[in-house]
Amino acid sequence: MPLPREILEQIGQERLAAQLAADRDRRRVWLRTAILCVVWPLLGLSLLAFSLHTTNLLYGQVAFWAGLGIGDGGTLLTLIQAWLESERKGWI
């Protein structure tokens, strides 16, 4: 016996609302990932630039290696976090 039309419309509306919420969540995760993949290298580059302009050798070396670690490590950790979240939510 087929379901009444009102119940079918209600099920359709619930599924549409769930799909819109999932799309919004997916967009939010990828937008945050894209922004962070730009911010981390910029922060690393600013530390590298500071290391080139400082006259103190110790501060220069610390800023240089910190810039490399923050720029590369931040991007890598952001991508790993996005991958794990996508896997947990079943997107990949």
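The values are calculated or read from the model by the stated rules, or taken from the named source; none is laboratory data. Owing to the predicted nature of the structure, the values given are computational and were not obtained by experimental measurement. Methodologically, a virtual Cβ is constructed for each residue, glycine included, from the backbone with ideal geometry; neighbour enumeration extends over all protein chains shown.
Residues that are part of a loop (DSSP other than H, G, I, E, B), touching a helix residue (DSSP H, G or I) at 6+ places or on another chain (Cβ under 7 Å), farther than 22 Å from I92 by Cβ and not acidic (D, E) do occur in region 48-57, at least one of them.
Among the residues of region 48-61, those identified as surrounded by 12 or more Cβ atoms within 10 Å (Cβ to Cβ) and out of contact with any Leu (no Cβ under 9 Å at 6 or more places or on another chain) are A49, F50, S51, T54, Y59, Q61. Any residue at all in region 73-91 that's within 25 Å of the chain's Cα centre (by Cα), at pLDDT below 95 and not in a helix (DSSP H, G or I)? Yes, the conditions are met somewhere in region 73-91.
For region 1-34, filtered to residues that are in contact with a helix residue (DSSP H, G or I) (Cβ under 9 Å, 6 or more places away or on another chain) and part of a helix (DSSP H, G or I), the residue that is modelled with the lowest pLDDT is A22. Taking R5, is it among the charged types (D, E, K, R), free of Cβ contacts under 8 Å to residues at least 40 places away in the same chain and within 30 Å of K89 (Cβ to Cβ)? The answer is no for R5. Of all residues in region 59-88, those that are free of Cβ contacts under 8 Å to residues at least 24 places away in the same chain and more than 19 Å from L42 (Cβ to Cβ) have Cβ atoms under 6 Å from Cβ atoms of residues that are buried (at least 17 other Cβ atoms within 10 Å of the Cβ) and not aliphatic (A, V, I, L, M), 6 or more apart or on another chain, in G60/S51.
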